[in-house]
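Let me begin by handing over the structure; questions about it come next.
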Amino acid sequence: MTEQTTNPRILGFLCNWCCYAAADAAGVSRYQYPPNLRTIRVMCTGRIDPAFILRGFAQGAAGIFAGG
Amino acid sequence: MEAGRSPNIEILSNADFLGLEGKPGAFTAKVRLRPRYINADKCTACGLCTRYCPRHLVDDYNEGLAITRPIHIDYPQAVPASYFIDPRACLHLQHGTCQICVPVCRSKAIDFGQQPEERALQVGAVIMSPGFGRISEETLAKFGFGKHPDVVTSIEFERLLNPSGPFKGEVRCISDKRHPHRIAFIQCVGSRDLGCDNGYCSSVCCMYAIKEAMVAKEHDPEVEITIYYMDMRTQGKDFDAARRRAEEQFGIKFVRARVADVMPWNDQLRLTYATLSGSHHFEPFDMVVLSVGLEAPKDAKGLASTAGFELNQYDFCKTSTFAPLATTRPGVLVAGAFHGPKDIPESVTQSSAAAGLAAGLLRTQRGQGTVTKSYPAEQNPGEEVRIGVFVCHCGINIGGVVDVPGVAKYAGGMEDVVYYTESLYSCSQDAQEAIKEKIRQHNLNRVVVAACSPRTHEPLFQETLKDAGLNRCLFEMVNIRDQCSWVHANEPEAATAKSRDLVRMAVAKARHIKPLPEQTVPVTPKALVLGGGVAGMTAALNLAEQGFESFLIEKSGQLGGNLLKLDRTLQGDKAADLLKELSAAVKKHKLITVLTNSELAEVNGFVGNFTSMVRTANGKKASEQSISHGVIIIATGGREHVPARVLGKEPVASKKIVTQQALEQQLAGGKAKAPASVVMVQCAGSRGDDLAYCSKVCCNHAVKNALRIKALDPASQVVVLYREMRTYGFAEDLYRQAREQGVIFIPYATDRMPEISAKGSKVRIDFYDPILQDQVTMEPELLALSVGIVPEGTKELSKLLKIPVNADDFYLEAHVKLRPVELPVSGVYVCGLAHSPKPIEETIVQAQAAAAKAAIPLVKGHVEVEPTVSHVDQEICIGCSLCTSLCPYQAIQMVQLENKQRRAQTIVASCKGCGICASHCPTFAISMGGFTDQQISSQIEAFGREENRND
């Protein structure tokens, strides 16, 4: 549990047109952020079925990030 | 990016234009390509050379606020994505030494042997779009620029605000890098200033100053910002709303004053300014931003003489109101700020219009010389999943942080992965050949590339798949550069673990990806143009010139629209001439069917395949006809507003109160007499009364009528009461001319509105004169109201076509800046007053642009559909129609099956692949191509699998 909170695994759903593009731009600008996020690209955050979020938690995600 | 990728656009950067011979349809243009000393085909834009280059160079791209190296790329998204060497600073090119970059470049792209190359291009038309030039430093020096580092231009400030700018998006004073607490913007620097021979208004500075101020406030909410202006010219669509937001939400202060002087004051700057009442004030600031105007490009004269066209008095391109994009040389067109100062949406509109005009010129040669690629036949991937994983080093961009061999090996151990490898640059040409080879050798039917972003490189790899005979959807990309090695540069182990996870998730998805069909939908090559005014007629004629049939639907009994009510334009051109020319050409053209007294009753279908019912009134009877067409252009226009409130009160009725349009008609013709005295009231009914927005043309209209009155009778007294004179662009000259001829312009404030009253046959106006600082009463012979423009019938039509309108009932474009004439529904375009109020010249350009955009599907004859669209399984669908109501693109329709059941069906041509339908379908009947529930779920499961996390 302690390890979980200090090094949480976060699952992100990123909209291709905005948040995914922004994440690319963060890379181009060499911004540094913690390496805890694993992302899934979607064409719109509207694609995120609530079941995906529950499934993410069931798979051990400490948090779900939806960027759109 | 898109232009760079098109096989039919060749970009010659770093090139000089040397000469133009020939005639429209058959020009020879001479250009000289300067060497970039880097082979653009080999360069992978990894950036290693810049890191090793020992020489410093002032970074022009960052307005000299940062330092770069002679070997560099201006910005990461530059097209072509290739570095170049600035010969002015390169040690080797200047002194024959160094050459450090040569061994550093791993793709051996550096070539100091390159020589300038001259080329003769055979072209049919030429479009001039050199942009704008800079205001001279001499003019800027009047405001302390060059003397005090914290006086910056707005262009420099724009770079300061940019995350890729010199301070990574933080606003800091140049002098000591402190965060400024107080920032001042000074408007009209180098514009509306005869001192530097720029009599015109640059049109864009008020709006960009507001934008920059708001962005600065977003960066640092504590910062106090004041904008010093003469008139806030936010005349564009929704611009006034932005200005109100700046004032009310962001707390940005607007002060109407002229700044006389900027002087250092301790470690700050002191502004001296004079307000309207003539009093002087002082105010300290940490930073002063000069809102610099747009000047003609530096080499405008050279360009004009080389290409053989004329310039106007300010060295912008000379054009006429009714042919706004034609230069004085036939076949040579202009687009963008070289036509006159303008913002992005207008520049984009002009470029579309110019492209359409050029396409008309080249009509007979259409299709010749275009490049279309052919591919081998697609193989059936078969049942067995065989995945190949390619992990990219990207030079040291990925390999320097992530353990690439380790990640590749890890991928090799996954289920269904039959091949794995690593490559130095997987985007290079030889790497593509290698991928094709491995697909053949190992019979791969799924390809996973772990490299950079799919947003930039997916099309490239998909192309390779197609070349290898695989469906392009059998591809999955893992972003381990932009979203991994670059952002975790100091955590190699964590970055490697993340790369492994991402590859695992991608492979899990890849096991479930399926080939998707490449779909095209045929197009009926005809257009429906709604509205027979100047916009509709121009659009129909333009399409006809490009060889396409159109139906021009006009509600009233005759063509012309608002042109029928206009006498002359501000520039003095006769509206009747344009009307005669346009309507004659429209009526004569075999490809245009004009339907007057007609209205659209019903529309069905989608891009390429619309069917419309058009109702035509014939006396008391009405007939209906069905028309098949591929595209729709909305040019339904607008009309003079009839205000319900004027200056905050009920309108006063009197024969002596007229609108500007009625006044114009009174003043038309040779026998017209000028009234002895006229008071004009601007923004009557607009900007706060019934209409929230600015109608853009009323100030010009007032100036036009005022000048006409003065021309008829110089002794006539003309007073214009205004809030802000918005005679933007070259119209500023006529505003000045009006003042020189004795027209009196008096500003009024919204908290002290003029009051109109009528008694008997007399009309009276009371207003406060801020210069006299006293209340004034006048009883003019005529009172002219500038009442603004409202759109015609957008409420009804927007429902019929399911197209959104903005808060002011004008159509909302697909993208304000990048797709200004396209509407959110594919195949529907807008131009003219239905889009927003605008003068004739801008309407013509917009109509040409709408026709150019509409012609794209008509020329192609089909619409290509991205394979990643939704698909409804009608066996599972229960016909609840939830998806049809949720779809933002009207891309799902309900159809009736043979057994009478209602089921949903995707209109693939309209689907944008967002997946809202799939995530809401209660029976999981909808699957999204490339993003199915199964694919995403397997990614989530793979995310959870941690078996190899700690190795």
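The values are calculated or read from the model by the stated rules, or taken from the named source; none is laboratory data. Fair warning: this is a prediction, and the values are worked out from it, not measured in the lab. FYI the Cβ positions are ideal-geometry reconstructions off the backbone, even for glycines, and counts take in every protein chain you see. Calculation scope for accessible area: heavy atoms of the full protein, side chains included, ligands and nucleic acids excluded. Shrake-Rupley method; radii C 1.70, N 1.55, O 1.52, S 1.80 Å.
Specify the residue that is surrounded by the most Cβ atoms within 10 Å (Cβ to Cβ); the eligible residues are those in the stretch B:77-109 that are small (Gly, Ala, Ser) and farther than 29 Å from A:Ala21 by Cα.
So, considering only residues that are small (Gly, Ala, Ser) and farther than 29 Å from A:Ala21 by Cα, the one surrounded by the most Cβ atoms within 10 Å (Cβ to Cβ) is B:Ala89.
To continue, here is another question. Check the stretch B:811-819 and report whether any residue there is of a type in the set (D, E, K, R) and open to solvent by less than 20 Å² (accessible area, probe 1.4 Å).
yes
Quick grid of which residues meet (1) hydroxyl-bearing (Ser, Thr, Tyr); (2) in contact with a strand residue (DSSP E or B) (Cβ under 9 Å, 6 or more places away or on another chain):
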| residue | (1), (2) |
| --- | --- |
| B:Glu463 | no, no |
| B:Ala468 | no, yes |
| B:Glu491 | no, no |
| B:Ala497 | no, no |
| B:Val503 | no, yes |
| B:Lys514 | no, no |
| B:Thr538 | yes, no |
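Being touching a residue at least 12 places away in the same chain (Cβ under 8 Å) and either in a loop (DSSP other than H, G, I, E, B) or among the acidic types (Asp, Glu) (or both) is the filter here; which residues of the stretch B:417-457 pass it?
Selection gives B:Glu422, B:Leu424, B:Tyr425, B:Ser426, B:Cys427, B:Ser428, B:Asn443, B:Leu444, B:Asn445, B:Cys452, B:Ser453.
If you don't mind, another one. For the stretch B:368-411, what are the residues that are closer than 22 Å to B:Ile513 by Cα, of a type in the set (D, E, K, R) and open to solvent by 70 Å² or more (accessible area, probe 1.4 Å)?
B:Glu378, B:Glu383, B:Glu384
While we're on this one: Quick one: which strands (runs of 3 or more DSSP E) lie wholly within the stretch B:681-796 and hold at least 3 residues that are touching a Ser or Thr at 6+ places or on another chain (Cβ under 6 Å)?
Answer list for the stretch B:681-796: B:762-769.
Let me ask something else about it. Name the residue that is farthest from B:Ile387 (Cα to Cα), counting only residues in the stretch B:425-435 that are open to solvent by 30 Å² or more (accessible area, probe 1.4 Å) and over 37 Å from the mean Cα position of the chain (by Cα).
Among residues in the stretch B:425-435 that are open to solvent by 30 Å² or more (accessible area, probe 1.4 Å) and over 37 Å from the mean Cα position of the chain (by Cα), the one farthest from B:Ile387 (Cα to Cα) is B:Glu433.
Return yes when B:Ser919 is surrounded by 13 or more Cβ atoms within 10 Å (Cβ to Cβ) and not in a loop (DSSP other than H, G, I, E, B) and no when it is not.
yes
Of all residues in the stretch B:463-510, which are under 31 Å from the mean Cα position of the chain (by Cα), assigned to a helix (DSSP H, G or I) and at the interface with another protein chain (Cβ under 10 Å from one of its Cβ atoms)?
Those that are under 31 Å from the mean Cα position of the chain (by Cα), assigned to a helix (DSSP H, G or I) and at the interface with another protein chain (Cβ under 10 Å from one of its Cβ atoms): B:Arg481, B:Asp482, B:Gln483.
Each row is one residue, and each column tells you yes or no for (1) surrounded by fewer than 24 Cβ atoms within 10 Å (Cβ to Cβ); (2) outside any helix (DSSP H, G or I).
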site: B:Lys177; (1), (2): yes, yes
site: B:Gly195; (1), (2): yes, no
site: B:Ser202; (1), (2): no, yes
site: B:Met207; (1), (2): yes, no
site: B:Val215; (1), (2): yes, no
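Then there's this: All but one of (1) under 20 Å from B:Glu283 (Cα atoms); (2) not in a loop (DSSP other than H, G, I, E, B) hold for B:Glu222, so report the exception by its number.
(2)
With the condition kept exactly as written, say whether any residue in the stretch B:841-864 is out of contact with any Gly (no Cβ under 9 Å at 6 or more places or on another chain), farther than 26 Å from B:Gly630 by Cα and either assigned to a loop (DSSP other than H, G, I, E, B) or within 11 Å of chain A (Cβ to nearest Cβ) (or both).
Checking the stretch B:841-864: not a single residue is out of contact with any Gly (no Cβ under 9 Å at 6 or more places or on another chain), farther than 26 Å from B:Gly630 by Cα and either assigned to a loop (DSSP other than H, G, I, E, B) or within 11 Å of chain A (Cβ to nearest Cβ) (or both).
Follow-up. Within the stretch A:11-27, how many residues turn out to be surrounded by fewer than 20 Cβ atoms within 10 Å (Cβ to Cβ) and in contact with a Ser or Thr (Cβ under 9 Å, 6 or more places away or on another chain)?
Count: 3.
Those residues that are buried (at least 19 other Cβ atoms within 10 Å of the Cβ), touching a Cys at 6+ places or on another chain (Cβ under 8 Å) and free of Cβ contacts under 8 Å to residues at least 60 places away in the same chain, I need them from the stretch B:49-71; list them, please.
B:Cys53, B:Arg69, B:Pro70, B:Ile71
Which residue pairs have Cβ atoms under 6 Å apart, sit 6 or more places apart or on different chains, and have a first residue in the stretch B:232-253 that is more than 18 Å from B:Val697 (Cα to Cα) and a second that is open to solvent by 10 Å² or more (accessible area, probe 1.4 Å) and of a type in the set (Lys, Arg)?
That search, which allows pairs on different chains as well, returns B:Phe250/B:Lys217.
What strands (runs of 3 or more DSSP E) lie completely within the stretch B:513-559 and have 3 or more residues being within 15 Å of B:His589 (Cα to Cα) and open to solvent by less than 50 Å² (accessible area, probe 1.4 Å)?
B:549-553
So if I check each of A:Arg47, A:Arg9, A:Arg30, A:Arg55, which one is within 7 Å of chain B (Cβ to nearest Cβ), of a type outside the set (A, V, I, L, M) and under 14 Å from B:Gly944 (Cβ atoms)?
Just one listed residue meets the conditions, A:Arg55.
Additional query: Mind counting the residues in the stretch B:325-338 that are open to solvent by 20 Å² or more (accessible area, probe 1.4 Å) and either on the phi > 0 side of the Ramachandran plot or not in a strand (DSSP E or B) (or both)?
The qualifying residues number 3.
Continuing with the same structure: When residues of the stretch B:900-937 are filtered for being farther than 24 Å from B:Arg446 by Cα, of a type in the set (Gly, Ala, Ser) and in contact with a helix residue (DSSP H, G or I) (Cβ under 6 Å, 6 or more places away or on another chain), how many remain?
Number satisfying all stated conditions: 2.
Quick one: which of B:Glu518, B:Glu493, B:Glu476 is in contact (Cβ under 8 Å) with a residue 40 or more places away in the chain and among the charged types (D, E, K, R)?
Being in contact (Cβ under 8 Å) with a residue 40 or more places away in the chain and among the charged types (D, E, K, R) holds for just one of B:Glu518, B:Glu493, B:Glu476, which is B:Glu518.
Still on this model: What number of residues in the stretch B:849-872 are open to solvent by 20 Å² or more (accessible area, probe 1.4 Å) and in contact (Cβ under 8 Å) with a residue 12 or more places away in the chain?
10
Please go through (1) within 14 Å of chain A (Cβ to nearest Cβ); (2) buried (at least 16 other Cβ atoms within 10 Å of the Cβ) for B:Ala904 and return the number of the only condition it doesn't satisfy.
(1)
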